[in-house]
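The values are calculated or read from the model by the stated rules, or taken from the named source; none is laboratory data. Note that the structure is predicted; figures quoted are calculated from it, not measured. Virtual Cβ from ideal backbone geometry, glycine too; neighbours counted across all protein chains shown. Protein only, heavy atoms only, side chains kept; ligands, DNA and RNA dropped before computing areas. Shrake-Rupley method; radii C 1.70, N 1.55, O 1.52, S 1.80 Å.
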Amino acid sequence: MHPDQIIFFLCAALILISALFVVISRNLIHAALWLVAALFGVAVLFALLNANFLAVVQVVVYIGAIAILFLFAVMLTRKDIRDRGPQMRRSWWIPALLGLLILAGLVYLIFAQPGIDRTAAAIPAGVDPLRALGKALVSPGGYVLPFEVSSILLLAALVGAVYVAITKKS
Amino acid sequence: MHIPLSWYLILAAALFCIGLFGVMSRKNAIAILLGIELMLNAVNINLVAFWRYLDPTKMAGQAFAVIVFAVAAAEVAVGLALIISVYRRRNTIIADEIDLMKW
Amino acid sequence: MTNWIIWLIPLPPLLAFFVIILFTNKNRALSHGLAVGAAGLSFLGSMAVFVQALGIPEFGRQVFESSIDWLPTGNTWLQIGVLVDPTSAVTLFFVAITILMIFIYSIGYHNFGQPAGDHDVKGLPPHGASVTDGHGHKHSVPSIEPMYSRFFAFIALFAFGMYTLVVSDNLLTLFVGWEIMGLCSYLLIGFWYGKPSARDAAVKAFMTTRVGDVFMLLGIAFLYSATGTLSFGVIFQPKVLEALASTPAFFGLSAAGLIGLLLFIGTVGKSAQFPLHVWLPDAMEGPTPVSAMIHAATMVSAGVYMVIRMFPLITAGWSEGMPLNPTMSTIAFIGTFTALFAATIAVAQNDIKRVLAYSTISQLGFMIAAVGIGAYVAAAFHLVTHAFFKALLFLGSGSVIHGMEHGVLHTGEHVDPQDMFNMGGLRKKMPITFWTFLIGGFALSGFPVLTAGFWSKDEILADAFGNGHLMVFITLAAAAFLTAFYTMRQIILTFFGEPRTKAAGHAQETPLTMTVPLIVLAVFAVGYGWVGLPAWFTGGLVPNWFHEFVGGTLAEMPAVAPFSIVPILTSLGVALGGLFFGWLVYRRVESPEKDFLQIPLLKNKYYFDEIYDFLFVRPAAWVAEKFTYLFMDRMVIDGFLHAIARFALFLGHAFRDYIDKPVVNELIGDGTGKVVKGSGSRLRKIQAGRVQYYMVVSIAVLVVVALLYYLLHFLMA
């Protein structure tokens, strides 16, 4: 058992159990906090995959911004401090069944591909993923267009969110 | 390095299904959005795993993942703004109760 | 050149008719001027042709004829054209003169120049206008006829018809002229259409002559089918006649005999012979010029003219000395019978025009009897002379009636101006009328030597006796006796004695436009006889011009009857005797009660009108009313139509109630609506508005489909 594998298993356990608690827990604050844990686990995974930048971005953006945003939203929409009543719909078993079926299907599909068990090759020396990512994101031959478009998207989202959530002083 | 690709993929699939389960079965609208976040993260894991295992010199995978981040952020912002706005008007965030656009 | 004139002779009156009808109806002077002018033109044309004809020796062999191709019939053409042979030449002569005289007479008869009447309406005879003379004395004078121009238009059309008939060279145009005259007869008898009696008389005349015309048309059709032509020139060729005479047809007659008989029936209608005589007396409802022209001089003469024309056909296979063939016997019988029959009725009539009407029928009987026994020339001779003196007599009677009307208006007395028993002593009041009437009456009676009637009647009697037809001879002699008798009766009652009414006392002579024609005709009534003087009278010094001229029409010149003193004595006897007896009886008779001849049977014309009414008119009316109208039309045809309508209605209702409403409306229309609505209202529950639910459903479907797909995949593989 290689240390990488052990780390991987621990990460996977963290992610999955946190995710499960996200969708199961009654208390929404708890759910948001469990989400934070899950996201943290994903960040570790990114680091394991040599996507250093993404690991950091994951922590900063997802946990630092989005999860906090969730917490704010939860707090703003509570009628009272405690959540009452069941948090699942009555027919929750249907989605569970469906989820399991889809999982089974996906696993089957994964293993139906030949060569899916391969291990990663080493990164060639002299290739810096971070630098390459930076270049790719701004070079015209690269992904500058999606980059710019996503910035416009963020702008639109910003304006939209403000507009939707603002209350007019009547 | 010693981890087969399939492990990552199975992990992403499982995360995705859990997120799907959450989306389909939670009452609270914000909880639904949490499920959606899980699904997006599963996608990101998939993308980065494929980037690393197939061709680390090409940046498509990571770039795509960056874009996904941005989109997820935008979507959460707008979605929560909508939910807050709905809560202000209808005083509820239970998805089943927001059903005006029906027959 | 002459042929051109012949073609043009009928034309002026036709043009006058159209112009008067279309343009000059309002202008009376112009209308009568046009009519008289047209008659004058035709007169000049006829005289020119006649004079030309006189100049040609053997005219019968070199007639004036001209024809054109008219109707294409298969490979050949039906030709029409004009023909003037000796018979038509003399006919043209008298027709032209009488028509012209009558046209001129009509001007005065309809009181041209008089004021319009007080209460005159179109359709009724004029009643007189009241004028105030110099002394402030008001009295009535005759007024002008309101429908003045129309009269001249009609008689112009009639003249056209007559001329066409006389100059035509084929049966078709002859028939055309025949029918036109029939139409004009109807129009003119019913001229005063406001009078119901005139209307009825017009219909009666038309219907009765129609009966004859139908048979005539059958004869024409038969002739055409037998020979393929209608032209006289072709029909009267000897070989054609022989063929016709030897072809057997129905009733034991030969084709020629049957055709002749059928055509003769047309004459029976047109010339008012027994049994179709009933229309002529009633035709006196028309104005007197009409009676004169149509019913004395021209139209009834047309019947005799036609039968004279068809003489070769009637006598096909017969020659003198042979017994008469069946057609000729029939003709002779009808003519003779009618002559006596009508004469017996005439002695009992009181209306001055009725006497003349029956006299006409009787004299036509004479002519037809002459044709029947084969006396061609005698018949033609009597035709011409009769036209002159009968026209004279009618116009004279019109003059008398006119004078009487003047008296009626003057005195205001309401007597019938036409009843002879209201007249009397008119010879002093109306001298010209008296003398001309006397001449005409004597001509009719056959007054010896001086008058034309004597010569023509004598010739008929001579022919009858000479050829051994004794029954004909005796009957005609009796009829001649009666003729003289009633003529004298008429003259005495009208002109002699004292005026029996105040109106007669105030009668006045008629104007010149009426008396001059009388004088002209009187000249002919006397003079015409002298062109046909028989050989025994002149001792052979003067040839019998008429016999030579007209006899030349036939293929072989007819022989003169062998001389015998009997017919001459008989003629003298009956004529003078009749006149004498008439004078003897009637110089004392002042009123109808004293007149012993007022026998009801005779007065009512042997009740023939009543018999025909019972036999023909009432059944026809019954059939029309009950059978055709009520049964056929209303019950059968209308019933059938109503049934169809009801069926259509039923069908419509059935469609509506059984197909339209339940099936189309409810089943298809409403049903579809209900299905859609129901399914819609049920299906819309799917759209619950809950987004999560949508997602669950779509993922479920995805999974199911994927399962199915893979299942199939595995099964296949």
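Descriptive notes on the structure:
- Residue match in region C:338-347 (condition: outside any helix (DSSP H, G or I) and either crowded, with 24+ Cβ neighbours inside 10 Å or not hydroxyl-bearing (S, T, Y) (or both)): yes
- From the options B:I93, B:I10, residue that is in contact (Cβ under 8 Å) with a residue 60 or more places away in the chain, of a type in the set (A, V, I, L, M) and open to solvent by 10 Å² or more (accessible area, probe 1.4 Å): B:I93
- Which listed residue, of A:G160, A:G142, A:G126, is out of contact with any Phe, Trp or Tyr (no Cβ under 6 Å at 6 or more places or on another chain) and assigned to a helix (DSSP H, G or I): A:G160
- Within region C:246-283, tally of residues that are among the aromatic types (F, W, Y) and either in contact with a Gly (Cβ under 6 Å, 6 or more places away or on another chain) or closer than 21 Å to C:G182 by Cα (or both): 3
- Unmet criterion (only one of (1) at pLDDT 90 or above; (2) under 60 Å from the mean Cα position of the chain (by Cα)) for C:I637: (1)
- Given (1) open to solvent by 70 Å² or more (accessible area, probe 1.4 Å); (2) touching a Gly at 6+ places or on another chain (Cβ under 8 Å), index of the condition A:V162 fails: (2)
- Of the listed requirements (1) modelled with pLDDT under 85; (2) under 23 Å from C:V347 (Cβ atoms); (3) hydrophobic (A, V, I, L, M, F, W, C); (4) touching a Leu at 6+ places or on another chain (Cβ under 9 Å), C:F485 misses just one: (1).
- Leading residue by the ranking (nearest to the other protein chains (Cβ to nearest Cβ)) among those in region C:676-686 that are farther than 30 Å from B:I93 by Cβ and open to solvent by 100 Å² or more (accessible area, probe 1.4 Å): C:R682
- Residues of region A:38-59 that are open to solvent by 30 Å² or more (accessible area, probe 1.4 Å) and either of a type in the set (A, V, I, L, M) or facing chain B (nearest Cβ under 10 Å) (or both): A:V44, A:A47, A:L48, A:N50, A:F53, A:V56, A:V59.
- Enumeration of residues in region C:687-704 that are part of a helix (DSSP H, G or I), facing chain B (nearest Cβ under 8 Å) and open to solvent by 80 Å² or more (accessible area, probe 1.4 Å): C:V691
- Per this entry, C:G505 is not counted among residues that are of a type outside the set (K, R) and under 30 Å from C:V90 (Cα atoms).
- Scanning region C:322-337 for residues that are among the polar types (S, T, N, Q) and surrounded by 24 or more Cβ atoms within 10 Å (Cβ to Cβ) turns up C:T327, C:T336.
- Some residue of region C:179-188 being crowded, with 24+ Cβ neighbours inside 10 Å, farther than 20 Å from C:Y305 by Cα and touching a residue at least 12 places away in the same chain (Cβ under 8 Å): yes
- Here the helices (runs of 4 or more DSSP H) wholly within region C:363-465 that include at least 2 residues being open to solvent by less than 10 Å² (accessible area, probe 1.4 Å) are C:376-411, C:431-445.
- Within region C:476-531, the residues that satisfy the criterion of being more than 30 Å from the chain's Cα centre (by Cα) and of a type in the set (S, T, N, Q) are C:T501, C:Q508.
- Residues of region A:99-121 that are part of a loop (DSSP other than H, G, I, E, B) and either at the interface with chain B (Cβ under 7 Å from one of its Cβ atoms) or at positive phi (or both): A:G115, A:I116, A:D117, A:R118, A:T119, A:A120.
- A:L76 being open to solvent by 40 Å² or more (accessible area, probe 1.4 Å) and either at the interface with another protein chain (Cβ under 8 Å from one of its Cβ atoms) or of a type outside the set (G, A, S) (or both): yes
- One residue from C:A480, C:A504 being of a type in the set (A, V, I, L, M, F, W, C), part of a helix (DSSP H, G or I) and closer than 22 Å to C:F381 by Cβ: C:A480
- The residue of region B:40-60 that is farthest from the chain's Cα centre (by Cα), among those that are open to solvent by less than 30 Å² (accessible area, probe 1.4 Å) and among the hydrophobic types (A, V, I, L, M, F, W, C), is B:M59.
- Within the option set B:G79, B:G19, being within 14 Å of chain C (Cβ to nearest Cβ), crowded, with 24+ Cβ neighbours inside 10 Å and part of a helix (DSSP H, G or I) holds for one residue only, B:G19.
- Only residues that are in contact with a strand residue (DSSP E or B) (Cβ under 7 Å, 6 or more places away or on another chain), open to solvent by less than 20 Å² (accessible area, probe 1.4 Å) and not in a loop (DSSP other than H, G, I, E, B) were counted across region C:216-243, and they come to 2.
- Of all residues making up region B:32-63, the number that are within 8 Å of chain A (Cβ to nearest Cβ) and free of Cβ contacts under 8 Å to residues at least 40 places away in the same chain: 16
- Residue match in region B:37-45 (condition: out of contact with any strand residue (DSSP E or B) (no Cβ under 9 Å at 6 or more places or on another chain), at pLDDT 95 or above, closer than 26 Å to A:F21 by Cβ and small (G, A, S)): yes
- Some residue of region A:8-29 being at pLDDT below 90, in a helix (DSSP H, G or I) and more than 9 Å from chain B (Cβ to nearest Cβ): yes
- Cβ-Cβ under 9 Å pairs, at least 6 apart or on other chains, region A:39-68 side more than 11 Å from B:F69 (Cβ to Cβ), far side open to solvent by 10 Å² or more (accessible area, probe 1.4 Å) and outside any helix (DSSP H, G or I): A:L49/A:A120; A:N50/A:A120; A:N50/A:I123; A:N50/B:P56
- Matching residues in region C:515-549 - criterion: being β-branched (V, I, T) and either at pLDDT below 80 or touching a Leu at 6+ places or on another chain (Cβ under 6 Å) (or both): C:V531, C:T538, C:V542
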